[in-house]
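The values are calculated or read from the model by the stated rules, or taken from the named source; none is laboratory data. Remember, predicted model here, so these are calculated numbers, not experimental data. Cβ placement follows ideal geometry from the backbone for every residue including glycine, while neighbour counts extend to all protein chains displayed.
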Amino acid sequence: MTEQPEQPEQEQEPEPDPEQDVTDVQDTGQVVSLADARARHVALPEVVAGELAEPMVDEPELERPAIDGIVVAHPTAAQRWSGAQRRQLIPDWLRDRRTATQAARWASVHYAHTAVFHGLRLPLYGGRLLWLSPAGVWRITRTTCVWALDPESRTVRSTVSSLKDKGDANVFMQLTEQRRSIVRGRLVMVGVGFLALAMAGMVAVESLTRATLALTAAVAVVALGLAGRRPDRPLTRRAVDSNAIPKLTSELILTALASLGIGELNKAMAKGGPTAVGFPSPITRDGPGWRADIDLPPGVTAGDVIERRDRVASGLRRPLGCVWPEPDADSHEGRLVLWVGDRSLSSSKPTPWPLTKAGKANVFEPVTIGVDQRGRPVQVTLMYASGIIGAIPRMGKTFLLRLLLLIAALDPRCEIHVFDLKGGADMSPLEGVAHAYRTGDDREDIEYIVRDLRDLHADMQARYKTVRHLPKDVCPESKVTDALASRPELGLHPVIVAMDECGIAFQDPTHGAEIADLSERLGKRGPAVGIMVWNATQRPDAKSLPTGISANAVLRLCLKVMGQIENDMVLGTSSYKAGIRATMFARSDRGIALLAGEGDDPVVVRISYVDTPTATTIVARARAARELAGLLTGHAAGADPDVDRDRSSILDHLIKVWPAGEDQLWCADLAVRLAEAVPETYGGWSGEQVTAAVKPHGLRSGQIKRMVDGRYVNRRGLTRVDLVAALRERDELPEVF
């Protein structure tokens, strides 16, 4: 039996007996892992739920001891390999057409550059070889003479000559005779070789053509020049400066990691050597750069390396803009994905915006705003998501916000509210399509913003009532869809509210609290009914960006910030701890941001650069599309929205055109009256369209019988009582109606 712990007199535990019965120690039913068994230096049998498992066929019987009443379950081969991840048959960079094309382009450009570089210098290389050929002749002659005369034996004979004084002259004479024999034979070989070479030269001069002789002479010059070159003076120059950009290898990565000054990492590497850091996948080509997957030692996280990005770049001998470490969200916290580009992201040419010259946008669909460090498009969907943008000054925050508003401008349905509290002219191109527009932080500007936000809040409540009364087959999920936004009679078009330097408004001593409260309410409830709020600030703290607003922002774009608090205010709580750090950006990384909320993982994005003249051209195209669709409203149409803001629906229009003294009207007659009163909206409408338009507002039509030409005719119509009831329910109208 296994030694029990209650026998202290036993100093050493006896070896387990594989033949003994262990059923008396299985009552606990406790099963531990094989690792625990190995920690106790014993071999235990495979059991399931405390019972011995039957040995598998064709496998040797395992030892079956037990210890402390615990029986261990050995993992089977299937269990050991069930969690193993199979390698891809074809790597990602070959399966992705864009990445494969970039890799092929890089290889072709690299080797073409090398070939052309050396091809242009062939005359220079030929001159060098010709200049070095005499030295080559001298080296070959000297080497041949040294080999033929065997001077190395002189040292041996001089050593042995001391033996002659002691009377042993036979050894000296034997060595001397041996050298003479070797030298004689080598001189004969050299003479024969020289005569053969001379005869071959004479025959070649007499029989070969001039071209062949020239080629032979060129080959001889090349050979002699190579023989005469000096090791410290290379014949050719490097087409690529490999000292400035060395090849990315695992050894170079290990050197860079060792220079970071991370205690646990250095301790593990000192103890385990290079094997302390693992490379689960080979270093492969990934877009315009290289990707390395790295398993850091236990206790070291990817965030520890990311916050030392500048040191990693120094260790890799790369510019800072080429090195982009990031965590692997699909793996453990110690998995680091290191991407090293061929060129610095900040110095590379910005990718043109796809909608610069032509095209429309749809805020319900993803639209490209730039590319990541690998050159892949990065897209953003504006609908159903409010957002925040944060950065230190002069990093491209306002240009990024303007790019998002250009997307909204190219969707004619989208209503844009722009408030530039910085007071500059960066947002001025959008004035041509903005429903509400203010620049500056004067008292009237702040009051304008307050009134506009109040109207938006009222509109949000009206939208929820409209959505609530829509049929389930039209609006099954109680939110605005692309189809519903395209129906102007419902008033559910998308609305984008953008506030640059929002901290100025939120900290206003008079209206700041109300602006923050209204923005928070719109951020919480607005996206479901098509109202999205975007706030941008260069000081993301609790005052400039209240927690209630930042907590409800789905999309987050963070350019360079200086500290952990600012980073987490924009990108979300614990982002810095998880390795998502905009603090890694350098001062030169203008227009480069971290985007969180659009996909599963945050991504680095180089924002497409659209300057002010180009933005003005894009807005002119967007304004023309709105004018053509009859959707130019508010400030852009010349009407100040805080003075003349039409939020009326078809119910308001019906009550205005309803004739006095009439209690019931057919929908066809109402359609005619609506077309006469508001032709831009209801021109050409039929009675069926009126019936369908009032249904989402809770107003149902019915059969109305009227006398026409001496006979009764039944048609669908509305009653004034029902219309007034619907209006009262919506707006709590007074009894005057």
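Key figures
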{"quantity": "Residue check, I262 modelled with pLDDT under 75, under 30 Å from T301 (Cα atoms) and either surrounded by 10 or more Cβ atoms within 10 Å (Cβ to Cβ) or of a type in the set (A, V, I, L, M, F, W, C) (or both)", "calculated": "no"}
{"quantity": "Near pairs, Cβ below 8 angstrom, 6+ apart or cross-chain, from the range 486-504 (polar (S, T, N, Q)) to any residue that is buried (at least 21 other Cβ atoms within 10 Å of the Cβ) and outside any helix (DSSP H, G or I)", "calculated": "S486/R413"}
{"quantity": "Every residue from the range 695-737 that is at pLDDT 80 or above and β-branched (V, I, T)", "calculated": "I704, V708, V713, T719, V721, V724"}
{"quantity": "Candidates L571, L555, filtered to the one that is crowded, with 24+ Cβ neighbours inside 10 Å, at pLDDT 90 or above, under 18 Å from T398 (Cα atoms) and not basic (K, R)", "calculated": "L571"}
{"quantity": "The listed residue being modelled with pLDDT of 95 or more and either crowded, with 21+ Cβ neighbours inside 10 Å or in the same structural domain as L559 (by TED's automatic domain parsing) (or both), out of A409, A385", "calculated": "A409"}
{"quantity": "Complete set of residues in the range 404-444 that are touching a Lys or Arg at 6+ places or on another chain (Cβ under 8 Å), among the charged types (D, E, K, R) and within 22 Å of L492 (Cα to Cα)", "calculated": "D411"}
{"quantity": "Given (1) under 13 Å from the mean Cα position of the chain (by Cα); (2) in a loop (DSSP other than H, G, I, E, B), index of the condition N362 fails", "calculated": "(1)"}
{"quantity": "Any hit, the range 287-296, residues being more than 19 Å from the chain's Cα centre (by Cα), at pLDDT 90 or above and surrounded by fewer than 19 Cβ atoms within 10 Å (Cβ to Cβ)", "calculated": "yes"}
{"quantity": "Residues of the range 243-292 satisfying the condition of being among the aromatic types (F, W, Y) and in contact with a Leu (Cβ under 8 Å, 6 or more places away or on another chain)", "calculated": "W290"}
{"quantity": "Filter result for the condition that a residue is touching a residue at least 60 places away in the same chain (Cβ under 8 Å) and within 30 Å of C414 (Cα to Cα), over T301, T351", "calculated": "T351"}
{"quantity": "Restricting the range 465-474 to residues that are touching a residue at least 60 places away in the same chain (Cβ under 8 Å) and farther than 16 Å from L651 by Cβ, the residue that is farthest from the chain's Cα centre (by Cα)", "calculated": "P471"}
{"quantity": "Members of the range 498-541 that are small (G, A, S) and at pLDDT below 90", "calculated": "G512, A513"}
{"quantity": "Members of the range 577-591 found to be under 15 Å from the mean Cα position of the chain (by Cα) and surrounded by fewer than 23 Cβ atoms within 10 Å (Cβ to Cβ), listed by number", "calculated": "G579, G591"}
{"quantity": "Members of the range 359-394 that are over 30 Å from W106 (Cα atoms) and among the aliphatic types (A, V, I, L, M)", "calculated": "A361, V363, L382, M383, A385, I388, I389, A391, I392"}
{"quantity": "Selected residue (criterion: modelled with the highest pLDDT) from residues of the range 365-379 that are assigned to a loop (DSSP other than H, G, I, E, B) and closer than 11 Å to V603 by Cα", "calculated": "D372"}
{"quantity": "Within the range 485-507, considering residues that are closer than 30 Å to G683 by Cβ and among the charged types (D, E, K, R), the one surrounded by the fewest Cβ atoms within 10 Å (Cβ to Cβ)", "calculated": "R487"}
{"quantity": "Any hit, the range 297-307, residues being under 11 Å from W339 (Cβ atoms) and either surrounded by fewer than 21 Cβ atoms within 10 Å (Cβ to Cβ) or at pLDDT 85 or above (or both)", "calculated": "no"}
{"quantity": "Residues within the range 593-608 that are part of a loop (DSSP other than H, G, I, E, B) and in contact with a Ser or Thr (Cβ under 9 Å, 6 or more places away or on another chain), tallied", "calculated": "3"}
{"quantity": "Residues of the range 540-583 that turn out to be β-branched (V, I, T), within 21 Å of I504 (Cα to Cα) and not in a helix (DSSP H, G or I), as a count", "calculated": "1"}
{"quantity": "Subset of the range 318-343 [within 26 Å of V610 (Cα to Cα) and touching a residue at least 60 places away in the same chain (Cβ under 8 Å)]", "calculated": "L320, G321, W324, D342"}
{"quantity": "Selected residue (only one of R343, R291 is assigned to a loop (DSSP other than H, G, I, E, B), at negative phi and not acidic (D, E))", "calculated": "R343"}
{"quantity": "Residue within the range 446-462 that is within 25 Å of L557 (Cα to Cα), over 34 Å from the mean Cα position of the chain (by Cα) and β-branched (V, I, T) present", "calculated": "yes"}
{"quantity": "Subset of the range 688-725 (residues that are of a type in the set (A, V, I, L, M), assigned to a strand (DSSP E or B) and either surrounded by 11 or more Cβ atoms within 10 Å (Cβ to Cβ) or in the same structural domain as L490 (by TED's automatic domain parsing) (or both))", "calculated": "I704, V713, L718"}
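This table checks each residue for (1) surrounded by 15 or more Cβ atoms within 10 Å (Cβ to Cβ); (2) modelled with pLDDT under 80; (3) outside any loop (DSSP other than H, G, I, E, B).
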site: L224; (1), (2), (3): yes, yes, yes
site: R230; (1), (2), (3): no, yes, no
site: V240; (1), (2), (3): no, yes, no
site: L252; (1), (2), (3): yes, no, yes
site: A268; (1), (2), (3): yes, no, yes
site: P280; (1), (2), (3): no, no, no
